[in-house]
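Have a look at the structure below before the remarks.
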Amino acid sequence: MNNPFQNAMNQLERATKVKQFNPEFISLLTQPEREIRISIPITMDNGSLKVFEGYRVQYNNARGPYKGGIRYHKDTDINEVKALAFWMALKCAVVNIPMGGGKGGVTVDPRELSKGEIEKLSRGWVKMMARDIGPKIDVPAPDMNTTPEIMAWMADEYVKITGDKTNATFTGKPIEAGGSEGRGPATGLGGFYVFDTLRSKLHLPESCKIVIQGFGNVGGNAANILFQNGHKIIAISEVDGAILKEDGIDINALNEYKKVNGKIEGFPGSRKISNNELLILECDVLIPAAMESQITEKNANDIKTKLVMELANGPTTPEADDILFGRGISVIPDILANAGGVTVSTFEWEQNLKGEHWNEIDVFAKLKTIMVNEALEIYEKANSLKTDLRRAAFILALERIEEEEKERL
Ligand code: NAD
């Protein structure tokens with residue numbers, strides 16, 4: 001089993017071979033500032049008590065409060081959360097927002113819990129963590145299997161415990177609970193702005209053939225936006241399986257189909273394929289939007305795309321990165337491609353602190369400016385350093401974090 005934190009540290013080492021940094025600064029980034037582990041006891045619907053393991057990793061706050069989502073997944077463990085928290089620190093620096101890096105999680109398969117049990121678990125996470133988070137300390141958000149509704153429960157529990165009325169401790173809340181316009185599609189839309197900015201530079205056609213792994217918040221929104229913009233999505237997967245339709249999937253019809261059937265399998269005109277088959281389909285753009293460590297040394301040689309756009313966190317291992325680079329396949333790295341989510345989360349935090357509510361047009365315009373500018377800066381850095389986009393993005397982030405860390409060194 002791949003260790004995502006080891007992969008993250010390998011990526012750091014590889015970037016620092018392209019540009020040298022002060023070794024003391026780099027050593028600061030090889031471990032998190034704090035790791036918090038909690039037990040969350042829940043009375044289940046059948047009256048029994050079950051104890052869940054939860055986490056928060058506060059990786060680095062040189063640039064601002066720790067920021068990052070909370071993941072509910074059966075395989076989530078401290079190594080995964082540490083890796084995700086490290087990537088958050090870099091991601092916030094890539095898009096130049098005043099946030100540091102953090103991440104949280106609970107080891108749980110939410111499909112095995114009722115809605116009431118999930119609410120108790122979410123409120124339980126906050127009860128155990130309340131003293132360690134706050135608008136100027138650590139600002140969590142949604143991630144895999146955590147929703148705006150869960151953020152609303154968490155925000156409500158935090159107010160009950162602390163009396164803090166700023167509503168700026170959790171982002172990704174529903175609009176009526178103080179959320180920002182545009183937070184839902186922000187990650188997919190941010191990825192689209194980056195893709196659209198770099199598409200012709202990466203020699204991709206105006207209408208691309210696209211494969212997407214994951215049809216949740218990120219993959220689903222990316223599919224909608226790419227489809228609306230004239231691209232052809234030929235395959236999509238969910239945790240239970242994948243569908244392929246060579247002549248293109250009508251994403252509006254697929255959304256309707258999923259609403260009625262609860263799954264994408266069986267979509268008219270499509271055929272079922274495995275998740276492994278999906279990753280090696282011939283296409284212009286492959287978008288991993290589910291889990292980490294999906295493109296590894298085992299399948300990287302079989303991948304038949306021109307571009308991998310990482311909307312998931314950590315979907316490509318460092319060994320696979322080398323293979324793709326050697327084969328001339330570009331990778332738009334996660335810390336750039338999926339940074340739209342944390343960017344709009346930070347807009348939400350800012351609106352909550354100022355007591356403002358921005359309209360969707362303003363939110364998207366601010367998001368677009370950031371994503372386009374940073375994509376171009378990283379592309380130019382990669383060219384001038386003769387390296388790949390991931391190393392260039394790491395170097396840009398490290399330069400920005402180092403600037404703020406100088407006082408501590
Ligand atoms: P989600 O829970 O809404 O959706 C996850 C999707 O992935 C679902 O469609 C699920 O069926 C599918 N999936 C899970 N395991 C799979 C597997 N093994 N094979 C194929 N499909 C699988 O989660 P999300 O918020 O869309 O997050 C997806 C990824 O994007 C994660 O890596 C997350 O860290 C990253 N991310 C999310 C955000 C955000 O704003 N939500 C921001 C940045 C990065």
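Thr317 passes every criterion in (1) crowded, with 18+ Cβ neighbours inside 10 Å; (2) of a type outside the set (A, V, I, L, M, F, W, C); (3) in contact with a Leu (Cβ under 8 Å, 6 or more places away or on another chain) apart from (3). Entry remark, region 318-369: residues being within 28 Å of Pro140 (Cα to Cα) and at pLDDT below 95 number 1 in total. Select from region 167-220 the residues that are among the basic types (Lys, Arg) and touching a Lys or Arg at 6+ places or on another chain (Cβ under 7 Å) and list them in ascending order. The answer is Lys209, and nothing else. Yes or no: region 215-235 includes at least one residue that is in a helix (DSSP H, G or I) and basic (Lys, Arg). Checking region 215-235: not a single residue is in a helix (DSSP H, G or I) and basic (Lys, Arg).
Among the residues of region 216-245, just one is within 17 Å of Asn276 (Cα to Cα), away from the ligand (no atom under 11 Å from the Cβ) and either touching a Pro at 6+ places or on another chain (Cβ under 9 Å) or charged (D, E, K, R) (or both), namely Lys245.
Taken across region 299-311, residues that are under 22 Å from Glu13 (Cβ atoms), buried (at least 23 other Cβ atoms within 10 Å of the Cβ) and aliphatic (A, V, I, L, M) do occur, with at least one present.
Among the residues making up region 292-345, those that are of a type in the set (Ser, Thr, Tyr) and under 14 Å from the mean Cα position of the chain (by Cα) are Ser293, Thr316, Thr343, Ser345. Within the set Gly68, Gly104, Gly100, Gly64, the sole residue that is under 27 Å from Gly163 (Cβ atoms) and surrounded by fewer than 24 Cβ atoms within 10 Å (Cβ to Cβ) turns out to be Gly64. Only one of the numbered conditions (1) touching an Asp or Glu at 6+ places or on another chain (Cβ under 6 Å); (2) over 25 Å from Leu336 (Cβ atoms); (3) surrounded by 21 or more Cβ atoms within 10 Å (Cβ to Cβ) is not met by Gly241, and that is (3). Applying the condition of being of a type in the set (S, T, N, Q) and assigned to a loop (DSSP other than H, G, I, E, B) to region 256-304 and asking which residue is farthest from the ligand (Cβ to nearest atom) yields Ser270. Restricting attention to region 65-112, the residues that are touching a strand residue (DSSP E or B) at 6+ places or on another chain (Cβ under 9 Å), in contact (Cβ under 8 Å) with a residue 40 or more places away in the chain and outside any helix (DSSP H, G or I) add up to 20. Quick one: in region 123-163, of everything that is closer than 25 Å to Gly188 by Cα and out of contact with any Gly (no Cβ under 9 Å at 6 or more places or on another chain), which residue is nearest to the ligand (Cβ to nearest atom)? Selected residue: Glu149. Scanning region 367-406 for residues that are over 18 Å from Tyr59 (Cβ atoms), exposed (fewer than 15 other Cβ atoms within 10 Å of the Cβ) and of a type outside the set (S, T, N, Q) yields Leu376, Glu380, Leu385, Lys386, Lys406.
Number of residues in region 77-97 that are over 16 Å from Leu398 (Cα atoms) and either surrounded by fewer than 24 Cβ atoms within 10 Å (Cβ to Cβ) or in contact with a Leu (Cβ under 9 Å, 6 or more places away or on another chain) (or both): the value is 4. Taking helices (runs of 4 or more DSSP H) as the structural unit, those lying wholly within region 328-390 and holding at least 3 residues that are touching a residue at least 24 places away in the same chain (Cβ under 8 Å) and β-branched (Val, Ile, Thr) correspond to 340-354, 360-385. Being assigned by TED's automatic domain parsing to the domain that holds Gly47, within 13 Å of the ligand (Cβ to nearest atom) and in contact with a helix residue (DSSP H, G or I) (Cβ under 6 Å, 6 or more places away or on another chain) is a description that does not apply to Thr187.
The values are calculated or read from the model by the stated rules, or taken from the named source; none is laboratory data. Since we're looking at a predicted model, the values are computed, not measured. Positions of Cβ are generated from backbone atoms using ideal geometry, with glycine treated the same way; all protein chains shown enter the neighbour counts.
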